[in-house]
Every structure is written in structure tokens, then in C-alpha cells.
1. If you check every pair at least six apart or on different chains, which have Cβ atoms under 6 Å apart with a residue in region 145-173 that is within 15 Å of residue 109 (Cβ to Cβ) first and a residue that is part of a helix (DSSP H, G or I) and at pLDDT below 95 second?
2. Here's a check for you: in region 18-74, which residue that is assigned to a strand (DSSP E or B) and touching a helix residue (DSSP H, G or I) at 6+ places or on another chain (Cβ under 6 Å) is nearest to residue 99 (Cα to Cα)?
3. Name the residues in region 1-17 that are surrounded by fewer than 18 Cβ atoms within 10 Å (Cβ to Cβ) and either touching a strand residue (DSSP E or B) at 6+ places or on another chain (Cβ under 6 Å) or part of a helix (DSSP H, G or I) (or both), would you?
4. Look at region 23-73 and say how many of its residues are under 20 Å from residue 1 (Cα atoms), surrounded by 11 or more Cβ atoms within 10 Å (Cβ to Cβ) and without any contact (Cβ under 8 Å) to a residue 24 or more places away in the chain.
């Protein structure tokens, strides 16, 4: 199992790129899972559903299962947000895990950058950013760079440069 992330400021196009990158990797016969960090409160459950009632009644975890999928909801109830190491340990092994967010965590990343956001690049202060995908790739001289629309080349880079999860977990332990 290997890991790489897409990091960047809000509005840079991380999710858009992942939506285009996933089918490209899957078409190559690879299994891929994702981890998405949300900076805001979110809920995948809704009032009126039995699973919501279980959580509201105090369940620490609720596992919903159907013939199509399952989802495990874990209520933190005041506990600290789990770190990337913990979250990865919960996942079923696949060929690649793509992380969206967790930009300050110690794992290999591709920075996603759009000039129109008016934000500075992250890569000068993060040696774990291996490359940059941008709407202006010609501006990047210190790292490999790709046009945001060149999904096949970005997929090639992911396959070639994603790190074994075991190595990343060791470095996350050291931080």
C-alpha cells in the first residue's frame, strides 16, 4: 500500500483533480482509497434515520450496512481529532491511498495551486511536497510541475512517487 496526498489552499482544485485522477488510476487496474480532511463540521447521517437516533442516544460507533456499502461513524464526543496515522490504520489495504488535506502532516504530497486564488505556494516551506500541479506550471522551477489538466502525467507521477504506507507511518510516529 502506498500513499500520496494533494495539498493546497481552499479553491485550488484538489477535489476536482481527485475526481479526474481516480478513474485514471482505476483504469490502470489499481485499487485506490481516499482520506479527505474537512475543516468544518460535517454529518453523513440525518435526523429521522435509525442510525442518527442511535448516535443521538449515545452510541460511540454506529455501523450501517447494506448490500451496496457500509459506513462506520465514530463519535469523538470531546476526544481529539484522530491523526493521519490513526486514520490510515483503519483502512482496508489498497494499492494507493490519496489524502486530500492534512497539509502539515509528514507525508509525500503534490501541491495543487491556482494563481487566481492569490495565495502563496506551499512547497518552499515543505520539503515533503514532491511536485506542483498548477494552472501556471511554468512558474515552478524547484520541483517537477504539471498543468492541472494533465491528469495522465499526474497519475504517472503518483504511481512512481507515492511512498509505502509503512515508511510514512514511521515518519508520522517520529513527528
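1. Between residues of region 145-173 that are within 15 Å of residue 109 (Cβ to Cβ) and residues that are part of a helix (DSSP H, G or I) and at pLDDT below 95, the close pairs are 145/137; 146/137; 172/85.
2. 35
3. 15, 16
4. Of the residues in that region, 2 qualify.
Condition check ((1) modelled with pLDDT of 95 or more; (2) under 15 Å from the mean Cα position of the chain (by Cα)) across all residues:
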site	(1), (2)
10	no, yes
17	yes, yes
22	yes, yes
26	yes, no
33	yes, yes
46	no, no
49	no, no
52	no, no
56	no, no
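The values are calculated or read from the model by the stated rules, or taken from the named source; none is laboratory data. This one's a predicted model, so the numbers in the text were calculated from it and none came from an experiment. A quick note on method: Cβ atoms are made from the backbone with ideal geometry, for glycine too, and the neighbour counts reach across all protein chains shown.
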